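Structure, as structure tokens:
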Amino acid sequence: SFDLSSGRSLSYLGRFIIVLFGFLMVYMFLKRFRDYVLESRRKTFFILLLIVSSIVVTHFVYSSDVLSIYLIPFIIVPILITTFYETRLALFIHLITVLLAGFYAPNSFEFIFIQFFAGMIAIIGLKKIQRRGQFFSATLLSVMSYFLLYFGFAINQGGNFRSIEWVNFAWFAGNGILVLLSFPMVYIFEKTFNFVSDITLLELSDSNQKLLRELAEKAPGTFQHRSEE
């Protein structure tokens, strides 16, 4: 039973209020600056799905005695938002996500700082998507950011190399692998939510495609008119 007089119940209530406030901030941001998202249930649900999924995964990983919270690929959220929406929205949603997930981190400030800046690196790397290879480079840069930021925090707090938990570098590397393995999710989400990403549009407009080559050979006038558009 839910007894408000118990410490655990009050803790859950406090966490519920803070999480609710986080989602309220998302709503207010969308209402004020990105109302086109709220006009579409599909687009709104996708954003909420990413945030809730991240928090749920964080909860289960935190409850595990085997896995580290640093293994969770939080940068998938800004990558997907950047791919289907735009960078400013991706940055805001990523910030809200890591702030809420910070409840489960042993060192909340360190966790939020590292995750936020790694997400920023991913967003910057994907600002102008022209090929799918940019996903790999953005992930690599983010993992390197994880390494450097954690290393900086560790030696700053401990004042020596003995304070570094080297196993965390392995968790960060696993994080990057999970991000790379999740890239097919872009295609899955495109089909599921009927999204069209910039990378898909660029691939469709690639003149080296077989269909477009045939169009250039059989109807050069039409192809030339399309290219000018």
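The values are calculated or read from the model by the stated rules, or taken from the named source; none is laboratory data. This one's a predicted model, so the numbers in the text were calculated from it and none came from an experiment. Please note: Cβ atoms are built from the backbone with ideal geometry, for glycine as well, and neighbour counts cover all protein chains shown. The area values use the complete protein model at the heavy-atom level, side chains included, leaving out ligands, DNA and RNA. Shrake-Rupley method; radii C 1.70, N 1.55, O 1.52, S 1.80 Å.
Table: residues versus (1) at pLDDT below 70; (2) surrounded by 15 or more Cβ atoms within 10 Å (Cβ to Cβ).
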| position | (1), (2) |
| --- | --- |
| GLN157 | no, no |
| ARG162 | no, no |
| TRP166 | no, no |
| TRP171 | no, yes |
| PRO184 | no, no |
| TYR187 | no, no |
| ASN194 | no, no |
| GLU217 | yes, no |
| GLN224 | yes, no |
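For the range 26-42, which positions are touching a residue at least 12 places away in the same chain (Cβ under 8 Å) and either surrounded by 14 or more Cβ atoms within 10 Å (Cβ to Cβ) or in contact with a Ser or Thr (Cβ under 8 Å, 6 or more places away or on another chain) (or both)?
Of everything in the range 26-42, those that are touching a residue at least 12 places away in the same chain (Cβ under 8 Å) and either surrounded by 14 or more Cβ atoms within 10 Å (Cβ to Cβ) or in contact with a Ser or Thr (Cβ under 8 Å, 6 or more places away or on another chain) (or both) turn out to be VAL26, PHE29, LEU30, ARG34, VAL37.
Do you know which residues across the range 84-128 are among the hydrophobic types (A, V, I, L, M, F, W, C), out of contact with any Ser or Thr (no Cβ under 7 Å at 6 or more places or on another chain) and outside any helix (DSSP H, G or I)?
Residue satisfying the conditions is ALA105 alone.
Which ones in the range 50-83 are aliphatic (A, V, I, L, M), open to solvent by 20 Å² or more (accessible area, probe 1.4 Å) and assigned to a loop (DSSP other than H, G, I, E, B)?
Residues satisfying the conditions are VAL66, LEU67.
Would you say THR87 is open to solvent by less than 70 Å² (accessible area, probe 1.4 Å), among the polar types (S, T, N, Q) and under 15 Å from the mean Cα position of the chain (by Cα)?
Judged against the criteria, THR87 is a match.
Need the failing condition index for ILE177 against (1) open to solvent by 40 Å² or more (accessible area, probe 1.4 Å); (2) more than 16 Å from the chain's Cα centre (by Cα), just the number.
(2)
Output yes when any residue across the range 99-114 is closer than 21 Å to VAL186 by Cβ and surrounded by 18 or more Cβ atoms within 10 Å (Cβ to Cβ), and no when none is.
Looking through the range 99-114, none of the residues is closer than 21 Å to VAL186 by Cβ and surrounded by 18 or more Cβ atoms within 10 Å (Cβ to Cβ).
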